[in-house]
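All remarks here apply to the structure that follows.
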Amino acid sequence: MKPNVSDVLMELSALVARNAAPDIPPTDRAGALGLTAALLAIAGRRWDDAAHNLVHENRELRKLLGLSGQDDDLRIPALTGENARLRAMLINRHAEIEGKDQQLEDAIWAELAASTVRRLTPGSPV
Amino acid sequence: MSLEGRLAAYISGRLPQAQNVVVDRLARISGGASRETYRFRLSWTEAGAGRSRALILRRDPPASLIDTERRIEFEAYRAFFGSDVPVPEMLWLEEESGPLDHPFFIAAEIEGFQAAPALLWTEPYLACHPKLADRKWTILGQIARADPEALGLTRVMEPVAPADCWSRELGYWEQVLDEDEAEPLPIIRAAIRWLRANPPPPPQRITVVHGDYRTGNFLFDTAGEIHGVLDWEMAHLGDPLEDLGWGFNPVWSFGRGQAGGLVPDHQAVAIWERSSGLRADPDALYWWTLFNCVKGQAIWVSSARAWIDGGNREPIMVYPPWALQNAQDRATLKVMGRL
């Protein structure tokens, strides 16, 4: 999830502190804090599942790409970096096999659909 | 000097007959990541009589999720003012950064109506959906019916040949993705490959394209009337099906499974065809709907990029990528029949 959750939480912390000042116009404060609440709700939901989902997704991507290996560093930045590397490889692989390998193509689409279920946010419109 | 004071000084310079110009009740309107939007009350004395008016300030932020020319937005509003397409009256455009730090324009406020989509699924708005849908796509048809040259918009908007409409738009938004994406987007890249391999036919005619015509970007009342079409910052010349397809991007169904959250797609198409006098070829409309999934993702990605690069650290820049990027991927899969 970009921007990174940890970076956004730091920024929101500063924003909340600024809005604690008594001279902030009420409409400005309401706008800032309303959005902050919405972002915190998304972060809370996604952060809890993040490591589990990334490890699972990276495993599925390696299968599709015919790669071996596993995630040894379970910190979110490391898992996210590996996920980006694998998804970039998937784009190339997908483009190579389109119209040529229906079975693999279907498997790629199925994994892409599954990835959006893992990444669902509260109140998603789709 | 406060923003109120600077605004009053600026407006004084444009109203030489006015005295005692005062700006008060300045309040930022939530949302709007592409421009900072404020409402305020302008009061002044003219020929011995006190006057006042509710106005809107739209100012460029330090960095935006879309890069657009505010002159084009300003001229698009001005061109349609007084026509069947309801828009607010434009008053002043300032393209220099001196007066208020960033370029801006000032417009009359259309007071007393709502824009928030969430309200539409609460009382007393539930009964107005059929009327609102009729007005929404009738007005979009009127935009498509309008002659860009007669409106004076061919002087400010970049021309495009009919055969180039799709490639210009797809090329632009693909480049935005190339430059701004912070992580690989396999679903959107697959959609782009399909779009390039299956181009749509040229448009029936080149029209003004609003560029962001969706539920949420117009002012409505409880009876389903529309009083103002807003957010013309992406207006350009092109294929009118582009505007129709933007509204069919499933992200803008707000989870209701209908066009704009209001009526089934085929009803919206019928209203638009009747109003525009054009036919919405199903295959071409499919292409433009999928294209608009790509465009939507490019906009959310740009918002993330503006935040990551530090140009704009407002929380409104985080909300689109966090709340809509995955939804846009799902919308793309849905349009492609993969979800």
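The values are calculated or read from the model by the stated rules, or taken from the named source; none is laboratory data. For clarity, every value in this text was computed on a predicted model and none was experimentally measured. Positions of Cβ are backbone-derived with ideal geometry, glycine not excepted, and every protein chain shown enters the neighbour counts. Ligands, DNA and RNA are stripped out before the accessible areas are found, and what is left, the full protein with its side chains, is counted by its heavy atoms. Shrake-Rupley method; radii C 1.70, N 1.55, O 1.52, S 1.80 Å.
One table, with the values for the structure above:
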quantity	calculated
Filtered residues of segment B:29-54 (kept if under 27 Å from the mean Cα position of the chain (by Cα), open to solvent by less than 60 Å² (accessible area, probe 1.4 Å) and not polar (S, T, N, Q))	B:I29, B:G31, B:G32, B:A33, B:R35, B:E36, B:Y38, B:F40, B:R41, B:L42, B:A54
Matching residues, segment B:312-328, being part of a helix (DSSP H, G or I), at the interface with another protein chain (Cβ under 7 Å from one of its Cβ atoms), touching a residue at least 12 places away in the same chain (Cβ under 8 Å) and among the hydrophobic types (A, V, I, L, M, F, W, C)	B:I316, B:A327
Of residues in segment B:195-206 being surrounded by 14 or more Cβ atoms within 10 Å (Cβ to Cβ) and out of contact with any Leu (no Cβ under 7 Å at 6 or more places or on another chain), the one farthest from B:D329 (Cα to Cα)	B:R205
Subset of segment A:102-117 that is more than 9 Å from every other protein chain (Cβ to nearest Cβ) and open to solvent by 60 Å² or more (accessible area, probe 1.4 Å) - its residue that is farthest from A:S68 (Cα to Cα)	A:Q102
Subset tally (residues that are out of contact with any strand residue (DSSP E or B) (no Cβ under 7 Å at 6 or more places or on another chain) and either among the aliphatic types (A, V, I, L, M) or farther than 12 Å from B:K136 by Cβ (or both)) for segment B:259-268	5
First in segment B:179-191 and within 7 Å of another protein chain (Cβ to nearest Cβ), second anywhere and assigned to a loop (DSSP other than H, G, I, E, B), Cβ under 7 Å, 6 or more apart	B:A182/A:K2; B:E183/A:K2
Of the criteria (1) within 11 Å of chain A (Cβ to nearest Cβ); (2) assigned to a helix (DSSP H, G or I), which one B:G257 fails	(2)
Residues located in segment A:67-97, provided they are open to solvent by 70 Å² or more (accessible area, probe 1.4 Å) and either within 12 Å of chain B (Cβ to nearest Cβ) or not in a helix (DSSP H, G or I) (or both)	A:S68, A:Q70, A:D72, A:L74, A:R75, A:R85, A:N92, A:R93, A:E96
